[in-house]
Structures are given as C-alpha cells and as structure tokens.
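Here the structure is laid out as structure tokens; the discussion comes afterwards.
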Amino acid sequence: MTYRMDHLSTLSAEHLNRYQRIITEAIGIRRHSELLAWLQGELQHYLPHEILIAAWGNFTENLICYDIVSALPGVRTEYSDPRTLTPLLQGLFNRWVELGKSPYTLGAGDSGFLLEEGDLQCSLGKALQGMRSLLVHGLTDERSNQDCLYVIFSLERKLHNSLGAMQILLPYLDTALSQVTPLVHPESNAPVLTAQPKDGEYWGLSKREIEIMNWVRIGKTNLEIAAILGISVSTVKNHLQHIFKALNVATRMQAVIKVTEGRKRDS
C-alpha cells in the first residue's frame, strides 16, 4: 500500500485521471463482455497484453480453477486443456511465492515461460507460443484463505515497465474479476455439484446448500453469494455452518477439498 501511494504521488494529473477512470470502470463490471472491454481499453496503456489468465484455489493441493479473457479468436476458457495449463500455472505460482509474492516478468527465452512442444495443441496453446513476455502477480484472500494468481501475456517485450502499474491495479483487477461469474472449464479440478443430487449423495446437502457450495468453490464471498442468490448474508452463513457440520470440516477450502475427493471416488 505504501508503494502504491508513493508511486501515485509522483504521477501527472493526466495519469491520475486515467487511473481514476480505469478504477471507476472496474467497480461497475458485471459481465464478461464488460470485463473484456475494460481490459482492452485504457488499461492497455499500463498493462499491455493479449491474454489474461486468472487462477485461484489451493495451489498446494493442486485444486486450481482458472478463467481466460482474451480478444484473440478461440482463446477461451472452455477451449483450453487444464491438463497442461494447470502445471504451467502451478509453476508460475511457485515462482511468485519464491520471490516473496512480488510481481515479476518473464521473457520468451526465460526458464518457465515456454511450453513444451506439443503442449496445449489448441488456440490457446498456439497463442501462448507466440507471446514474447508475461507478467505475474497475485494475492491471498484472507477471508477464504485462497490464493489468486493473475498472469498477462503480451506480444511485446516491455512488460517489465508494467511492474509498478500491476501493483497499483491488482486490487481493481481482482475486484473486476470477482464480480464476473467465471467460465470454469468442464474438466477443471474443481467439483461441480449437480442441482438434483441422488438420494444420500453429497452428505445430505440440500439443493440450496449445493448451490452455495458451487459458488464457494469458485471463490465467491458470503456477501457475493447472498447477492447472487437473493438471500441474506446471515442465511448464507447458516447454510455454511450446516455444510461444514455435514462434511465434518472447519473451513471453506476443506469443504471444497472434501467434495472434490468425494466426486473423484464416485467417478
């Protein structure tokens, strides 16, 4: 926070006004189309990129969800291959942790950037092979105890000049992404619970509790879940207390892990 305030104090009125517009627009984002328009707008002045990948979850347990936002044809979450993308995200996350959770950049010639030949043989993979630099930064959500990683890929080589801007804009990037329902890949490691469970399945959770668990698994807060479902925050908390008791867990992440393990045994 101190760095951001010090850096902002040195900016010209033009830059401050631009930052203000970017931040104001971020707060109002609700749809993927709005998110894409925001990312392709004035934000490009500070964070030039062709592809953004947002990843979140428990990286230690390899329980990672991700969402891809790009204007490039075919570069979409649903067309990606989590079997090869997830290890890449895991490696970038590990490096971020090793660097003290500070933002960093990699060039096309740096170790850890390039994919192996044959990886991600899809529109995303081909696009990533053409990128010349990437920038990585993240944060830890203390409420859900989840890590969130943001990776931007650019055809340009100047992303090292964007490290300061990334530190300033990361909270608003996170805000914008958190207000949009992610397009979770159907083969993602995160569990997807059906709205109509079979008798005795899912530890006796109700249909409403299954809905809540589906929002919990993608990182939504109690306030966000309440707004989405049209119920009070206290009702969400009451449902979560019953869910934790039914699953015999103490935290949201433990609940996600337990449900995931249960789904793997059923599959």
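For first residues located in region 218-240 and outside the structural domain of V256 (by TED's automatic domain parsing), partners that are assigned to a helix (DSSP H, G or I) and basic (K, R) and lie 6+ apart or on another chain with Cβ distances below 6 Å do not occur.
A quick yes/no check of all residues on (1) within 30 Å of H15 (Cβ to Cβ); (2) at pLDDT 90 or above; (3) assigned to a helix (DSSP H, G or I):
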{"residue": "I152", "(1), (2), (3)": "yes, yes, no"}
{"residue": "A176", "(1), (2), (3)": "yes, yes, yes"}
{"residue": "V180", "(1), (2), (3)": "yes, no, no"}
{"residue": "L183", "(1), (2), (3)": "no, no, no"}
{"residue": "S188", "(1), (2), (3)": "no, no, no"}
{"residue": "W203", "(1), (2), (3)": "no, no, yes"}
{"residue": "R208", "(1), (2), (3)": "no, no, yes"}
{"residue": "Q241", "(1), (2), (3)": "no, yes, yes"}
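Within region 22-43, the presence of a residue that is modelled with pLDDT under 90, of a type in the set (S, T, N, Q) and buried (at least 16 other Cβ atoms within 10 Å of the Cβ) is excluded.
Here S80 passes the criteria (1) buried (at least 18 other Cβ atoms within 10 Å of the Cβ); (2) without any contact (Cβ under 8 Å) to a residue 60 or more places away in the chain; (3) polar (S, T, N, Q) except the one numbered (2). In this structure, is D110 of a type in the set (D, E, K, R), in contact (Cβ under 8 Å) with a residue 40 or more places away in the chain and not assigned by TED's automatic domain parsing to the domain that holds I228? For D110, the condition - of a type in the set (D, E, K, R), in contact (Cβ under 8 Å) with a residue 40 or more places away in the chain and not assigned by TED's automatic domain parsing to the domain that holds I228 - is not met.
The values are calculated or read from the model by the stated rules, or taken from the named source; none is laboratory data. All figures in this text were calculated on a predicted structure; none of them were measured in a lab. With ideal geometry, Cβ positions are generated from the backbone for all residues, glycine too; neighbour counts draw on all protein chains shown.
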